[in-house]
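S.K.: For reference, the structure I am asking about is given below.
The values are calculated or read from the model by the stated rules, or taken from the named source; none is laboratory data. Given the structure is predicted, the values throughout are model-derived calculations rather than measurements. Cβ atoms come from the backbone with ideal geometry, glycine included; neighbour counts cover every protein chain shown.
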Amino acid sequence: MKKSAVSLWMLPGFAISLSLTCSLSAWAQIGPTPDAEVEAIILDPYSPTTIYAGTDDGMWKTTDGGQRWSLINDGIIGTTYSNLAIDPTDTNIVYMGTQGDGLFKTINGGESWSYSAGAYHPVVKSISIDPTYPNVVYMGAFRGIYRSYDRGGSWTELPYQYGISEGVLAILNDPTSFSTIYIGTNRDGVLKSTSSGSSWFSTNLPDWIVGALAMDPRNHNTIFASTGVGGIAHIFKSTNGGSSWTQVLEIDPGGGTSIVFDSANPDTMYAGFYYGGVYKSTDGGNSWSASSTGLLNPNVTSMGVDAVNGIVYAATYGNGIFVSYDGGQTWF
């Protein structure tokens, strides 16, 4: 598919042009189109103004923080789903999951994509790259969890004795322990492996839908899980590697989709919720407050933080991506 560059100020009904140097104290809509149904975003950790966005209409990329976007669909078959992962050692390598057509990979920053072949379920729900050994990639699907030792060249299904028909929605690798992995499931809460996925055991969390997992970058025993049941969302915190959990937030209605840290100040965290918008913590996740003033769409699907420039991004389903220059205090 031919790429097309889109300038935001040229879009019909969209007359906002923003600069990263401006001092706006609000959330602003930055595309990739005004009505984009964005499933996932991910920032380049070394060049955070480079952002990839997976939408129901295809993959998009910006290299200037959202002022201009390009459609980068060459080689992709099917529609994108709610998962993207970027290689921490070579950020030209990006993985993207689809809703029924498997996993795709680019090695040139989205210039082209190739299908990752293998005997795995084609509905890909989560992707994780081992932070120490980036050739090791994990993929959660509608049925089961898989591992690749060659950056997605081939896949092996891991033993998974729980409700494999319910799906693996989130994967979290411990960067200090190659063998320790957490997964968020669609029925069995959070499971943990200390054997690189050879076996799993349940943590002491309710058997709810777990849409997102996050680890405190300063203390890898501190884990956060965003859960949902009956239309009510929760965030749980564990300080002992999942042996026990404390509820730190409950919102109604809501469905947990993302938890991200501000790496420049890890006490600051953001959480996105479908129906519930954005919440923020400034005390390491012990307490949270709503941070959605001016956010036009409460259906937040994914979040990202540019800690270098102090910018927060929130992707929504139906109104594209919003950006905040004041730590999520206000959006417009």
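S.K.: In the stretch 48-62, is there at least one residue being modelled with pLDDT under 95, in the same structural domain as residue 184 (by TED's automatic domain parsing), crowded, with 16+ Cβ neighbours inside 10 Å and not small (Gly, Ala, Ser)?
M.R.: For the stretch 48-62, residues modelled with pLDDT under 95, in the same structural domain as residue 184 (by TED's automatic domain parsing), crowded, with 16+ Cβ neighbours inside 10 Å and not small (Gly, Ala, Ser): absent.
S.K.: Where residues in the stretch 256-276 are of a type outside the set (Val, Ile, Thr) and crowded, with 23+ Cβ neighbours inside 10 Å, which of them is farthest from residue 317 (Cα to Cα)?
M.R.: The initial filter retains those residues of the stretch 256-276 that are of a type outside the set (Val, Ile, Thr), namely 256, 258, 261-267, 269-276.
So of that shortlist, the ones also crowded, with 23+ Cβ neighbours inside 10 Å come out as 256, 258, 269-273, 276.
Details: 256: 14, 258: 14, 269: 21, 270: 18, 271: 16, 272: 12, 273: 11, 276: 12 Å.
Out of the qualifying residues, it is 269.
S.K.: What pairs come out if I take residues in the stretch 274-288 that are outside the structural domain of residue 323 (by TED's automatic domain parsing) and pair them with residues that are of a type outside the set (Asp, Glu) and not in a loop (DSSP other than H, G, I, E, B) whose C-beta lies under 8 Å away, six or more apart or interchain?
M.R.: No pair meets every condition.
S.K.: For residue 176, state whether it is at pLDDT below 95, of a type outside the set (D, E, K, R) and crowded, with 23+ Cβ neighbours inside 10 Å.
M.R.: Details: at pLDDT below 95: yes; of a type outside the set (D, E, K, R): yes; crowded, with 23+ Cβ neighbours inside 10 Å: no.
No: the conditions fail for residue 176.
S.K.: Which of the residues spanning the stretch 222-233 are exposed (fewer than 15 other Cβ atoms within 10 Å of the Cβ) and either of a type in the set (D, E, K, R) or in a loop (DSSP other than H, G, I, E, B) (or both)?
M.R.: Let us first name the residues in the stretch 222-233 that are exposed (fewer than 15 other Cβ atoms within 10 Å of the Cβ), namely 229-231.
Passing the criteria: 230, 231.
S.K.: When residue 185 is evaluated against the numbered criteria (1) within 29 Å of residue 289 (Cβ to Cβ); (2) modelled with pLDDT of 95 or more; (3) buried (at least 19 other Cβ atoms within 10 Å of the Cβ), which criterion, by number, is the only one it fails?
M.R.: That leaves (2) as the condition not met.
S.K.: Continuing with this model, one more query. Only residues in the stretch 120-138 that are more than 17 Å from residue 196 (Cα to Cα) count as the first member; pair them with residues that are buried (at least 17 other Cβ atoms within 10 Å of the Cβ) and acidic (Asp, Glu), Cβ under 8 angstrom, at least 6 apart or cross-chain, and list the lot.
M.R.: So the pair list comes out as 120/157; 122/101.
S.K.: Which of the residues spanning the stretch 235-255 are crowded, with 21+ Cβ neighbours inside 10 Å, at pLDDT 95 or above and in a loop (DSSP other than H, G, I, E, B)?
M.R.: 242, 245, listed by residue number.
S.K.: Is it fair to say residue 113 is in contact with a strand residue (DSSP E or B) (Cβ under 9 Å, 6 or more places away or on another chain), buried (at least 20 other Cβ atoms within 10 Å of the Cβ), not assigned by TED's automatic domain parsing to the domain that holds residue 169 and not charged (D, E, K, R)? Give the derivation first.
M.R.: Details: in contact with a strand residue (DSSP E or B) (Cβ under 9 Å, 6 or more places away or on another chain): yes; buried (at least 20 other Cβ atoms within 10 Å of the Cβ): yes; not assigned by TED's automatic domain parsing to the domain that holds residue 169: no; not charged (D, E, K, R): yes.
Judged against the criteria, residue 113 is not a match.
S.K.: Checking the condition without any contact (Cβ under 8 Å) to a residue 40 or more places away in the chain, in contact with a Phe, Trp or Tyr (Cβ under 6 Å, 6 or more places away or on another chain) and on the phi > 0 side of the Ramachandran plot, which residue from 100, 144 passes?
M.R.: On the way: 100 fails: in contact with a Phe, Trp or Tyr (Cβ under 6 Å, 6 or more places away or on another chain).
From the options 100, 144, the qualifying one is 144.
S.K.: Another question, if that's okay. Condition first: under 20 Å from the mean Cα position of the chain (by Cα), at pLDDT 90 or above and over 21 Å from residue 290 (Cα atoms). Now tell me which residues in the stretch 198-214 satisfy that.
M.R.: Start the filter on the stretch 198-214 by keeping residues that are under 20 Å from the mean Cα position of the chain (by Cα), which leaves 208-214.
Filter again for at pLDDT 90 or above, leaving 209-214.
Passing the criteria: only 209.
S.K.: Follow-up question, since we're still on this one. Is one or more of the residues making up the stretch 280-300 under 13 Å from the mean Cα position of the chain (by Cα) and not basic (Lys, Arg)? It would help to see each step written out before you state the result.
M.R.: Applying the first criterion (under 13 Å from the mean Cα position of the chain (by Cα)) to the stretch 280-300 yields 300.
Filter once more, so that each one left must be not basic (Lys, Arg): 300.
Among the residues of the stretch 280-300, at least one is under 13 Å from the mean Cα position of the chain (by Cα) and not basic (Lys, Arg), which makes the answer yes.
S.K.: Can I ask one more? Quick check on the stretch 116-123. Is at least one of its residues within 26 Å of residue 210 (Cα to Cα), under 19 Å from the mean Cα position of the chain (by Cα) and aliphatic (A, V, I, L, M)?
M.R.: Looking through the stretch 116-123, at least one residue is within 26 Å of residue 210 (Cα to Cα), under 19 Å from the mean Cα position of the chain (by Cα) and aliphatic (A, V, I, L, M).
S.K.: Then there's this: Against the condition in contact with a Pro (Cβ under 9 Å, 6 or more places away or on another chain), of a type in the set (Asp, Glu), in a loop (DSSP other than H, G, I, E, B) and more than 18 Å from residue 304 (Cβ to Cβ), how does residue 35 come out, does it pass?
M.R.: On the way: in contact with a Pro (Cβ under 9 Å, 6 or more places away or on another chain): no; of a type in the set (Asp, Glu): yes; in a loop (DSSP other than H, G, I, E, B): yes; more than 18 Å from residue 304 (Cβ to Cβ): yes.
No.
S.K.: Given the conditions (1) surrounded by 20 or more Cβ atoms within 10 Å (Cβ to Cβ); (2) more than 23 Å from residue 47 (Cβ to Cβ), which single one is not true for residue 282?
M.R.: The number of the failed condition is (1).
S.K.: Of everything in the stretch 64-83, what is assigned to a strand (DSSP E or B), under 19 Å from the mean Cα position of the chain (by Cα) and touching a residue at least 60 places away in the same chain (Cβ under 8 Å)? Give them in sequence order. Full working, then the answer.
M.R.: From the stretch 64-83, those assigned to a strand (DSSP E or B) are 68-71, 80-83; that's our starting set.
Imposing the further condition that a residue be under 19 Å from the mean Cα position of the chain (by Cα) reduces the set to 80-83.
If the condition is that a residue be assigned to a strand (DSSP E or B), under 19 Å from the mean Cα position of the chain (by Cα) and touching a residue at least 60 places away in the same chain (Cβ under 8 Å), then 82 is the only one that fits.
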